[in-house]
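The block underneath contains the structure these notes are about, expressed in structure tokens.
The values are calculated or read from the model by the stated rules, or taken from the named source; none is laboratory data. If you're wondering where the values come from, they're calculated on a predicted model, not measured in any experiment. Cβ placement follows ideal geometry from the backbone for every residue including glycine, while neighbour counts extend to all protein chains displayed. Accessible surface is based on the protein model in full, side chains and every heavy atom, while ligands, DNA and RNA are left aside. Shrake-Rupley method; radii C 1.70, N 1.55, O 1.52, S 1.80 Å.
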Amino acid sequence: MQLTKEEFKKRLERKLDNYFEEDVKSASNSDLYAAVSAIVRDGYTPQWRRIRIAETNQKQKQVYYFSIEFLPGTLLKSNLLNLGWLKTVREALADLHLDLDKIAAAEPDMALGNGGLGRLAAAFMDSLASTGYTGNGNGIRYKYGLFKQKFVNGYQKELPNDWLKKEDHWEVRRESKSVLVRFGGKVNMVDDNGWMTPQYEGERVVRAVPYDVAVVGYKDGLTNTLRLWDAEVPPEEELNYPTITDRRRVEDLTSILYPDDSNYEGRLLRLKQEYFFVSAGLQSILNYYTKDLDNKDLTKLPNYVAVHINDTHPAMAIAELMRLLVDEHRVDWDTAWNITQKVMSYTNHTIMAEAMEKWDVNMMSQLLPRIMQIITEIDRRFCVGLKGHVSDDVIERTRIIKNGQVQMAHLAIIGSHSINGVAALHTQLLETKVLKDFYNLYPDRFNNKTNGITLRRWLQIANPELSDLLDETIGKNWRNDSDEMLNFEKYYHDTKVLHKLSDIKLDNKKKLAKFIKERTGIVVDPTAIFDVQVKRLHAYKRQTLKLLHILKLYQDLKAGIDHPKRVVIFGAKAAPSYVFAKQVIKVINETANMINNDPDVNDKLKVIFLEDYDVSLAERIIPAADVSEQISTTTKEASGTSNMKLMANGALTVATMDGANIEIKDAVGEDNIFSFGLNKDQVYKYYAEHSYHPREMYENDAVMKKAVDALIDGTIPNCSAEGQALFNNFLGDNEQFLVLADFEAYLRAQAKIEQTWKQKRLWEQMSLVNIAHSERFDVDKTIERYAEDIWHLKKLEVEKADR
Ligand code: B1N
């Protein structure tokens, strides 16, 4: 049933009255949010139930996406959009003098992820439901999401993100689906009627309780499930947890999300978290298979179940499925291994050495004795199988257990039928460099799946004005079929459309300017170039290169050399233990302070570092961007996804030829992107020959020297130690991110940006081309490729959504 405005108003009154004894006039935004979200829940719940029944009846294969992070952001507007109710509800509320955006702002972000990896997992959930595949998320219900970032004297401080303080309106606790997960103790193998069976002694038993969140597909899509696990003391084990400390240790298991992005720390609690959600997820899958589907033949499991391992964090799924099959279901090893490999697939998200998970054998043996035995056996058989077929060196390099450590990527590869990278270059580097030995062993397992983004959120929700312009020009069907966005290119010479495009951008920039004023007190000119770098703070992402450019612009302005007005906007969190990243934040903040308060600069240049970048803030910044900064050291950014969102919103990209930037360039053509910098061969040449000597570059380039010296000559107040740290880093022999090597090329690219900015029409045309070609990064296309090539899914047959 399509919801009418009148019907919505009636329901709203009823909910407000029932829940809060309020009416629309007296209710707070938070009450209104609770009431509207309840109406939304009522809207999808019947279908959610029907889909589960259809799944069981049709026995279609399902994918389970295992990820230690999911980063959906807020759900109210996206659920409204996907139900087809967004416009109606917005208008009905307006009739009542209420503002949907203000009501929606009462929802805390569901920030159970760090950055791109977690956001991708959330995008995949939305897309599976929207394209009609039954796909389920499996993850952790962290009590505290990613920390809230505050700046105090320019330094990053972290505050807990207690997102569950207010009740979450989307989750449903499913106590009946709870399972038990075991840690520690000793394991003895005993002969039970000819089957070697583990007997556990002194282990700790934790209860995993699932909280299900509905994933509402777009329009005629499905309603799928994101299952997040919480840890509790099992009622039957109360006596084994006599003290508060004992109990707290159980609760701690799911209390925090590790705030590291593209990095790895071998902490015991993290290992516990990984096993916890992997074991719980697999047990619930096997319960569904053997009980709900009433299937006793586990050799058929791969026809019904695909498990996807999102980076190595859930790689223990391979050993845990072996354990469940062999120990609990008494499947023989070879058969179990065959099943496991067919079920499992793995995505690699980084080639950064410091992000590669390796667990200490002793730690794993103590925490997960049976899992360690199973991994040891997998490793042994792997080595035996290769002996004589390849050199011993290859075996040594590829085996799972080495130097007292378990290499999780090796486990993931050996136990999966598919291994993919997240952009063409990244996959190529996996095949030819990082995982070369494995590629030689199993060439057929490797494939590329370039990332995608939820265009629905980044256009229809974040940029409704641009979405309306697309409707007016190319018709509305792009909302269902993103291919049609290519038709927007036909308006390349249409002056009216180009003007509209720039009016919309200006409007979005005014809104952001207002927000910046409210948040920081700083006034920015909406007609300036809005130059945006939003992503985690990481040395390889090179916010530092942007900083050097800012210093150069500042020095020019001081010397009377003119530049078009520019507002540089940063959003970035640093991992709390990442010293260098935090030093960069401090120096950028002090530089911003200096520039923003220098009367000589006037408002020619402003630098705004917005606190606490998250999905909601992204929705404000991205539609207002003119320039998208994608300036990582080539080979280091696996894909990037902010590059795609910014492009879809008409920002022009300045980019190294790294990650998916290359594919953006392929899509728009070289005239519609500002590419610069070292290519991958040049980068690897520096590494191979140890021939990067930045000091020479610095001594021989007066402009570079002047910008870099600003870090240490007292130009920037209040950060001499941090400035010195950056200075030393840039000039260090063989500095691995090659910041100074790209400096000059970056300045040239920025000069070209200034030239282009002065040709307003050309800028608008380039922007239009970028919007049109962002269809290539529609996550639904990515998901179709996963579904077809890796998971082998068919779409579920359901009656068209009756919502
Ligand atoms: O995954 C994104 C990519 O677009 C980015 O290029 C890539 O950097 C990012 C350990 C990670 N790689 N590795 C992580 C996150 C958390 C963690 O604890 C590693 N994130 C990425 C999506 O493919």
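Quickly run through segment 61-77 and pick out the residues that are in a strand (DSSP E or B), of a type outside the set (A, V, I, L, M, F, W, C), within 16 Å of the ligand (Cβ to nearest atom) and out of contact with any Lys or Arg (no Cβ under 9 Å at 6 or more places or on another chain). Within segment 61-77, just Tyr65 meets the criteria. With respect to (1) of a type in the set (A, V, I, L, M, F, W, C); (2) under 33 Å from the mean Cα position of the chain (by Cα); (3) open to solvent by less than 20 Å² (accessible area, probe 1.4 Å), the lone exception for Met356 is condition (3). Look at (1) over 33 Å from the mean Cα position of the chain (by Cα); (2) at pLDDT below 95 and you find that Asp292 fails only one, number (1). A single member of Thr591, Thr634 is among the β-branched types (Val, Ile, Thr), over 26 Å from Phe70 (Cα atoms) and touching a Ser or Thr at 6+ places or on another chain (Cβ under 6 Å), and it is Thr634. Looking only at segment 380-405, residues that are within 31 Å of the chain's Cα centre (by Cα) and either within 19 Å of Lys436 (Cα to Cα) or surrounded by fewer than 14 Cβ atoms within 10 Å (Cβ to Cβ) (or both) come to 6 in all. Sub-8 Å Cβ pairs linking a first residue in segment 289-311 that is away from the ligand (no atom under 16 Å from the Cβ) to a second residue that is charged (D, E, K, R) and modelled with pLDDT under 95, at least 6 apart or interchain, are Thr290/Lys296; Leu293/Lys59; Tyr304/Lys59, ordered by first then second residue. A single entry from Phe730, Phe737, Phe777 fulfils the requirement of being in contact (Cβ under 8 Å) with a residue 40 or more places away in the chain and touching a Lys or Arg at 6+ places or on another chain (Cβ under 7 Å): Phe737.
The set of residues in segment 686-719 being touching a residue at least 60 places away in the same chain (Cβ under 8 Å), in contact with a Lys or Arg (Cβ under 8 Å, 6 or more places away or on another chain) and not charged (D, E, K, R) consists of Val703, Ala707, Cys719. Using the structure shown, decide if Arg761 is within 26 Å of the chain's Cα centre (by Cα), over 30 Å from Asn596 (Cβ atoms) and among the basic types (Lys, Arg). Considered against the rule, which asks whether it is within 26 Å of the chain's Cα centre (by Cα), over 30 Å from Asn596 (Cβ atoms) and among the basic types (Lys, Arg), Arg761 comes out as no.
Go through (1) outside any helix (DSSP H, G or I); (2) farther than 30 Å from Pro314 by Cβ and name the single condition Ile39 misses. Every listed condition holds for Ile39 apart from (1).
Each row is one residue, and each column tells you yes or no for (1) outside any helix (DSSP H, G or I); (2) within 29 Å of the chain's Cα centre (by Cα); (3) assigned by TED's automatic domain parsing to the domain that holds Leu128; (4) surrounded by 19 or more Cβ atoms within 10 Å (Cβ to Cβ).
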residue	(1), (2), (3), (4)
Leu459	no, yes, no, yes
Glu465	no, yes, no, no
Glu472	no, no, no, no
Trp478	no, yes, no, yes
Glu484	no, yes, no, no
Asn487	no, no, no, no
His493	yes, no, no, no
Leu498	no, no, no, yes
Ile504	no, yes, no, yes
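Looking only at segment 424-457, count how many residues are basic (Lys, Arg) and crowded, with 17+ Cβ neighbours inside 10 Å. Outline the logic, then answer.
If we filter segment 424-457 for residues that are basic (Lys, Arg), which is where we start, we get 433, 436, 445, 449, 456-457.
Remaining after also requiring crowded, with 17+ Cβ neighbours inside 10 Å: 445, 449, 456-457.
So the count comes out to 4.
Does segment 668-676 contain at least one residue that is in a helix (DSSP H, G or I), farther than 23 Å from Trp458 by Cα and either touching a Cys at 6+ places or on another chain (Cβ under 6 Å) or at pLDDT 95 or above (or both)?
Yes, there is a match, as at least one residue in segment 668-676 is in a helix (DSSP H, G or I), farther than 23 Å from Trp458 by Cα and either touching a Cys at 6+ places or on another chain (Cβ under 6 Å) or at pLDDT 95 or above (or both).
Does Thr656 meet the test of being touching a Leu at 6+ places or on another chain (Cβ under 7 Å) and within 16 Å of the ligand (Cβ to nearest atom)?
Numbers: touching a Leu at 6+ places or on another chain (Cβ under 7 Å): no; within 16 Å of the ligand (Cβ to nearest atom): yes.
Here the answer is no, as Thr656 does not meet what is asked.
Scan segment 148-164 and tell me whether some residue there is more than 24 Å from the chain's Cα centre (by Cα) and at negative phi.
Applying the first criterion (more than 24 Å from the chain's Cα centre (by Cα)) to segment 148-164 yields 152-155.
Restricting the remaining residues to those that are at negative phi gives 152, 155.
Yes: segment 148-164 contains one or more residues that are more than 24 Å from the chain's Cα centre (by Cα) and at negative phi.
If the condition is being more than 16 Å from the ligand (Cβ to nearest atom) and in a helix (DSSP H, G or I), then segment 434-454 contributes Lys436, Asp437, Phe438, Tyr439, Asn440, Leu441, Pro443, Asp444, Arg445.
Cβ-Cβ below 6 Å, separation at least six or inter-chain, first residue in segment 514-527 and without any contact (Cβ under 8 Å) to a residue 60 or more places away in the chain, second open to solvent by less than 30 Å² (accessible area, probe 1.4 Å): which pairs? Here the result reads Pro526/Lys509; Pro526/Ala513, each pair linking segment 514-527 to a residue that is open to solvent by less than 30 Å² (accessible area, probe 1.4 Å).
Taking segment 260-288 as the search range and keeping residues that are of a type in the set (S, T, N, Q) and open to solvent by 10 Å² or more (accessible area, probe 1.4 Å), which one is nearest to the ligand (Cβ to nearest atom)?
Residues of segment 260-288 of a type in the set (S, T, N, Q): 262-263, 273, 279, 283-284, 287.
So of that shortlist, the ones also open to solvent by 10 Å² or more (accessible area, probe 1.4 Å) come out as 262-263, 283-284, 287.
Values: Ser262: 4, Asn263: 6, Gln283: 24, Ser284: 24, Asn287: 29 Å.
Result: Ser262.
So for segment 85-108 (the condition being within 16 Å of the ligand (Cβ to nearest atom) and open to solvent by 10 Å² or more (accessible area, probe 1.4 Å)), does at least one residue qualify? Among the residues of segment 85-108, not one is within 16 Å of the ligand (Cβ to nearest atom) and open to solvent by 10 Å² or more (accessible area, probe 1.4 Å), which makes the answer no.
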